[in-house]
Amino acid sequence: MSRRRQERMAVELKKVLSRILQEEIKDPRLDFSAVSVSQVELSNDLSHARVFISIMGDDEKQQETMKALEKARGFIRSRIAEEIQVRHVPEIDFRLDRSIEHGIRISSLLDKIMEEGTKSEE
């Protein structure tokens, strides 16, 4: 499989998944406005997709959201099949992505260090 096709498919899957999560998942227990698809990795044969999901909130909210995504996996896959014209829709494996959360934490620590630095100079 060409690398270019694999990358194009990953970008298209990311777009479609983002839209489905924002507009079509109707789970009243969850707030999907705090959920974003950060990355999609496809296997070489396009049969498996590893979808990295970023969820803003505490650990309990993140775990609940991941459970809801696992429960809705079949629906999500069928919606992808309707929107993307491919022979086989990849199996989806949702993974929690903590990189955005980690970046926010590092940024706040750097801000704190900068504040302490300016206070000590005065």
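Considering amide H positions built from the backbone, and no H for Pro or chain starts, which residues 5 or more places from S38, or on another chain, come under 5 Å of its amide H?
Correct list: F52, I53, S54.
For helix 3-23, report the angle its Cα long axis makes with the longest principal axis of the Cα atoms of the chain; keep it between 0 and 90° and round to the nearest 10°.
With both axes taken from Cα atoms, the answer is about 80 degrees.
Give me the angle, in degrees from 0 to 90, between the Cα long axis of helix 73-83 and the longest principal axis of the Cα atoms of the chain, rounded to the nearest 10.
70 degrees
Suppose every K and R has +1 on its Cβ and every D and E has -1 on its Cβ; what is the size of the dipole of the stretch 36-103 about the Cα centre, in Debye to the nearest 20?
Around 220 debye, computed over the stretch 36-103.
Just to be sure I follow the rule: in the chain, considering lysines 8 or more places apart or on different chains, how many pairs have Cα atoms under 24 Å apart?
Count of close lysine pairs: 12.
Answer with one residue from A68, V37, A10: the one whose Cα lies farthest towards the positive end of the charge dipole of the chain, charges on Cβ with Lys, Arg +1 and Asp, Glu -1.
Comparing the listed Cα positions along the dipole, A10 ranks first.
Using the charge dipole of the stretch 27-122 (Lys, Arg: +1 at Cβ; Asp, Glu: -1 at Cβ; taken about the Cα centre), state which of S108, L96, I84 has its Cα farthest towards the positive end.
Result: I84, furthest along the dipole toward the positive end.
Using Cα centres only, tell me the gap between the stretch 64-122 and the stretch 1-53 in whole Å.
Cα centroid to Cα centroid, the span is 11 Å.
How charged is the neighbourhood of K112? Take every other residue with its Cβ under 12 Å from the Cβ of K112, and add Lys/Arg as +1 and Asp/Glu as -1. Don't jump to the answer; show the numbers that get you there.
Numbers: positive: R105, K119; negative: D111, E115, E116.
Charge balance near K112 sits at -1.
What is the dipole size for the chain, taken about its Cα centre, with +1 at each Lys and Arg Cβ and -1 at each Asp and Glu Cβ, in debye to the nearest 20?
On the way: 22 positive and 24 negative charges, 164 e Å.
Its charge dipole is roughly 780 debye.
From Cα pairs below 8 angstrom and at least 6 apart in sequence, can you work out the relative contact order of the chain, rounded to a whole percent? Could you put the intermediate results ahead of the total?
Working: 121 pairs, mean separation 30.1, N = 122.
Result for the chain is 25 percent.
Report, to the nearest 10°, how far helix 59-71 tilts away from the longest principal axis of the Cα atoms in the chain, using its own Cα long axis and a range of 0 to 90°.
The angle comes out at about 10 degrees.
We did not get these values from a lab; they are worked out from the coordinates using the rules stated. Everything numeric here is computed off the predicted structure, so don't read it as measured data. Ideal geometry is used to build each Cβ from the backbone, glycine not excepted, and the neighbour counts take in all protein chains shown.
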